[in-house]
Amino acid sequence: MSAGPGGRESVIGAACWRGLGCGRTRVVGLLGALVIVCASTSAAAQASFGRSKSLADTRLELPSAAQVADVLLLREYNTRVVVIGTMLLGLGAGVIGTFLLLRKRALMGDALSHATLPGIALAFIVMTRFGGSGKSLPGLLLGATIFGGIGVACVLLIRGATRLKEDTALGIVLSVFFGLGVSLLGVIQKMDTGSAAGLESFIYGKTASMLVSDAKLIAGAAALTVVGCVVFYKEFSLLCFDESFARSQGWPRLLLDGVMMAMVVMITVIGLGAVGLILMIALLVIPPAAARFWSHRLGPTVLIAGGIGAVSGWVGASVSALAARLPAGAIIVLTAASAFVLSMIFGVRRGVLVRAVEQWRLRRSVARQHLLRAMYEAEESGAAAAGVGEGALLRARTWSRRALRGGLRRARSAGEIEPGDAGRWRLTEAGRAAAARVVRNHRLWELYLVTHADIAPSHVDRDADELEHVLGAAMVEELELLLVRDESRAVVPASPHAL
Amino acid sequence: MHRSLKEEASRDARSHERAEPSSEFGVASSRVDVRGTQTTVTAASAASPRIASGEEHPSNSPLSIHDMTVAYHRKPVLWDVDFDAPEGRLIGIVGPNGAGKSTLLKAVLELVPKASGRVTIYGAPYRRQRRLVGYVPQRESVDWDFPVSALDVVAMGTYARIGWLRPVTRKYRDAALAALSRVGMADYADRQISQLSGGQQQRVFLARALVQDAKVYLMDEPFAGVDAATEKAIVRILHDLRDAGRTVLAVHHDLQTVPEYFDHVMLLNMRIVASGPTRDVFTRENLQKTYGGRLTLLEQAAHAMARGIANSE
């Protein structure tokens, strides 16, 4: 057993390295960009370093390079505690958040974190009643955990017992529990037993007050989460991907969901003090969402999500240490959001940029093949050796004059066509060979459709135009074997319909 | 076989007595004719006494469904389904939309609760025989944007054998790869599943069931939305499974291909209208009872029957 998870870890690691492959340099670039973004944020927000300044002091003052270096390199003990604590929190939240997101339960985390507030308030009241300080962290977190659990149970109960949808149930639970919590905080204010100041920090988070014991707690929770996700990797992925198959195989859905939600509760409750209950959901949701743009595999996605979470925690805590007026929770979330935006644009898997380039390449290649085919078919149907005119080409397909001219220009510089007499165009030797290949693929596909799919020949042309470009070499090979006798393999088969 | 048909007919008669007023299901006139296709049997069964439930099912049947009723929100979806699957056959489950075909499979797999009835796989309850059953859910039931490769999905079929908390070792990956090549998808093993076509996704699902090496396969619309090549490939695999003695139940929509693909057919419309060997049961009148007045479908069926008869002669 002990060898099991360890072995898997290394497998995931290797897979991640492979998966990142070409994206590795981009990741490094991304991290650099993040630092820059956050540094400029701190500047723009009229940050002032040090607490001796008066509140009216709004002068723009950047922290010195030495101060920045001190914080980023964790030279100061307090900063080190806070930064490492938030980093680990981001790591744990990113890892378990990936599964939460894939289970399509992202908002469950939000309802959960809001539901903890009455628990915190009640724990405070109970502890002060029994003569305690009321601010003992374990006590408050216990209250938070119990009410977080109650909140989740309420969502499941409302969904199961009524025919309301999950989003409705989440909305009810989230707002009612939060309202209850705020009322209880009001009650506490009126109590004469000691100060309740500090409880509000659970709403917005107060990273700077993190103690070593808090950081240790976070480290423990993050480690437990990571180990849990490694150990249950196979079970979680199956449950998230195909619940009914998992159940048909005898995997206990309730138990697995329970384990997953328990980890979410743990990370959420632990993170309340650092980022606050309103913003906690961002740490659970944004890093996994950003990670999805970098990988199509689950293992790497989990690791990248953890990484983005950790970096967000690191940068957020550092910036807020440099600019004391900026709340760490908000900066952490904003950092994660910048990572998300950058991933969305530059992500190697589904990034906007990559997709645009792919689309552009595909259009280019389709246009080239269309041109070659039009030229080839014009020559085939007996065009003079003088070449094919632009007008004839324009009539051959529905394309604009501009698109056609662009295509002709590119084909010429690729050496596939050459100018003939009187503004006409001729295929070069190389161009003819390429065109023959294109036309042959096209017609094989047409033949396939005609013989195999009961589609009338007159309907085939349009379909084939779109499909042949998706058709790989292997398929063409298969079609050849299927349809063309061996001796005629090199020959372009005749078109099955009138040209 | 003859025996089980007889019993089926006698049960049919009983379940009709028990059923709610037939107008509810809109099949009033069809009752008596259900057994019209088994006329030789009907006469005998009319005289046979009632047999206590449970004794009438052969204990070694790959799948026995005893008087199963399934209801969603108090509305019955399946009523008194009673069925014994013959071993080593390809069984098509056919019926109109909302007839409860998927629900039947899900109830067998205990994915939806049964209001009453009992299901056994080779004589024992499903929860003790999970290993013997392979399930292919509807393709639309999962999110194909999930970050896994085709091979990862197929490997999920081995998870039950691997057991709790253990990693997927090379042995199981190889088994998954073998299953993928069996459905002609070995070249796509590392593809993310959203990059596969509908037919390829369906093949991945089939491979996941194959890697389980089950004895009974339950497939929910394996031919839905697949291309012609995939359909052929799937049919070939189903025939291979049958030739290896496995039993396959598949929900099927295309009436035209029923006689070609399936040896047995279960006509289902909230209850079993008829079930048995395709050539006996897949008749115009049974289809009329199953589908009611849906004429276009009946037209299809007419073609199918013409083809079926031509094939069998």
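The values are calculated or read from the model by the stated rules, or taken from the named source; none is laboratory data. All values reported here derive from a predicted model rather than from experimental measurement. Cβ atoms come from the backbone with ideal geometry, glycine included; neighbour counts cover every protein chain shown. When the accessible area is computed, the model is the full protein with side chains, heavy atoms only, and any ligands, DNA or RNA have been set aside. Shrake-Rupley method; radii C 1.70, N 1.55, O 1.52, S 1.80 Å.
Okay, residues lined up against (1) among the basic types (K, R); (2) within 14 Å of chain A (Cβ to nearest Cβ); (3) more than 11 Å from the chain's Cα centre (by Cα):
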| residue | (1), (2), (3) |
| --- | --- |
| B:A85 | no, no, no |
| B:A99 | no, no, yes |
| B:K106 | yes, yes, no |
| B:Y126 | no, yes, yes |
| B:R130 | yes, yes, yes |
Just to be sure, is A:F124 aromatic (F, W, Y), at pLDDT 95 or above, assigned to a helix (DSSP H, G or I) and open to solvent by less than 30 Å² (accessible area, probe 1.4 Å)?
no
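Could you check how many residues of region B:232-252 are farther than 21 Å from B:A99 by Cβ and in contact with a Pro (Cβ under 9 Å, 6 or more places away or on another chain)?
Within region B:232-252, the first condition is being farther than 21 Å from B:A99 by Cβ, and the residues that meet it are B:232-247.
Retained after the next criterion (residues that are in contact with a Pro (Cβ under 9 Å, 6 or more places away or on another chain)): B:234, B:238, B:246-247.
Final tally of qualifying residues: 4.
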Is there a residue being open to solvent by less than 10 Å² (accessible area, probe 1.4 Å) and farther than 13 Å from B:Y135 by Cβ anywhere in region B:208-225?
no
Check off (1) of a type outside the set (A, V, I, L, M, F, W, C); (2) open to solvent by 30 Å² or more (accessible area, probe 1.4 Å); (3) under 29 Å from B:R203 (Cβ atoms) for B:P96 and give me the number that stays unchecked.
(2)
If the Cβ limit is 7 Å and pairs must be 6+ apart or interchain, which residue in region A:285-296 that is more than 12 Å from chain B (Cβ to nearest Cβ) pairs with which residue that is β-branched (V, I, T) and part of a helix (DSSP H, G or I)?
A:P287/A:I308; A:A290/A:I308
Matching residues in region B:141-154 (in a helix (DSSP H, G or I) and in contact with an Asp or Glu (Cβ under 9 Å, 6 or more places away or on another chain)) number 4
Give region B:107-116 a look and list any residue that's open to solvent by 60 Å² or more (accessible area, probe 1.4 Å) and out of contact with any helix residue (DSSP H, G or I) (no Cβ under 7 Å at 6 or more places or on another chain), or say none.
B:P113, B:A115
Output the residue which, of all residues in region B:201-243 that are among the aliphatic types (A, V, I, L, M) and assigned to a strand (DSSP E or B), is nearest to B:G123 (Cα to Cα).
B:V216
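Working carefully through the options A:T301, A:T268, find the one that is of a type outside the set (A, V, I, L, M, F, W, C), away from chain B (no Cβ under 14 Å) and open to solvent by less than 10 Å² (accessible area, probe 1.4 Å).
Values: A:T301 fails: away from chain B (no Cβ under 14 Å).
Just one listed residue meets the conditions, A:T268.
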Can you find, within region B:154-163, the residue that is nearest to the chain's Cα centre (by Cα) among those that are closer than 15 Å to A:S248 by Cβ and more than 7 Å from chain A (Cβ to nearest Cβ)?
B:G157
Going through (1) more than 28 Å from B:S64 (Cα to Cα); (2) surrounded by fewer than 18 Cβ atoms within 10 Å (Cβ to Cβ); (3) within 12 Å of chain A (Cβ to nearest Cβ) one by one, B:Q192 fails only at (2)
Listing of helices (runs of 4 or more DSSP H) fully contained in region A:130-222 that carry 3 or more residues being over 30 Å from B:Y72 (Cα atoms), open to solvent by less than 30 Å² (accessible area, probe 1.4 Å) and of a type in the set (G, A, S)
A:137-161
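Regarding A:T128, is this residue over 22 Å from A:M260 (Cβ atoms), within 14 Å of another protein chain (Cβ to nearest Cβ) and out of contact with any strand residue (DSSP E or B) (no Cβ under 9 Å at 6 or more places or on another chain)? Please lay out each step first, then the result.
Working: over 22 Å from A:M260 (Cβ atoms): yes; within 14 Å of another protein chain (Cβ to nearest Cβ): no; out of contact with any strand residue (DSSP E or B) (no Cβ under 9 Å at 6 or more places or on another chain): yes.
No; evaluated as a whole, the condition is false for this residue.
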Count - residues of region B:132-147 that are in contact with a Lys or Arg (Cβ under 7 Å, 6 or more places away or on another chain) and facing chain A (nearest Cβ under 7 Å):
1
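Can you list the helices (runs of 4 or more DSSP H) lying wholly within region A:323-430 that have 1 or more residues being touching a helix residue (DSSP H, G or I) at 6+ places or on another chain (Cβ under 6 Å) and open to solvent by 20 Å² or more (accessible area, probe 1.4 Å)? Spell out the reasoning first.
Details: elements: A:328-346, A:352-380, A:390-396, A:401-413.
In region A:323-430, the matching helices (runs of 4 or more DSSP H) lie at A:328-346, A:352-380, A:390-396.
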For region B:162-189, which residues satisfy the criterion of being open to solvent by 40 Å² or more (accessible area, probe 1.4 Å), touching a residue at least 12 places away in the same chain (Cβ under 8 Å) and part of a loop (DSSP other than H, G, I, E, B)?
B:G184
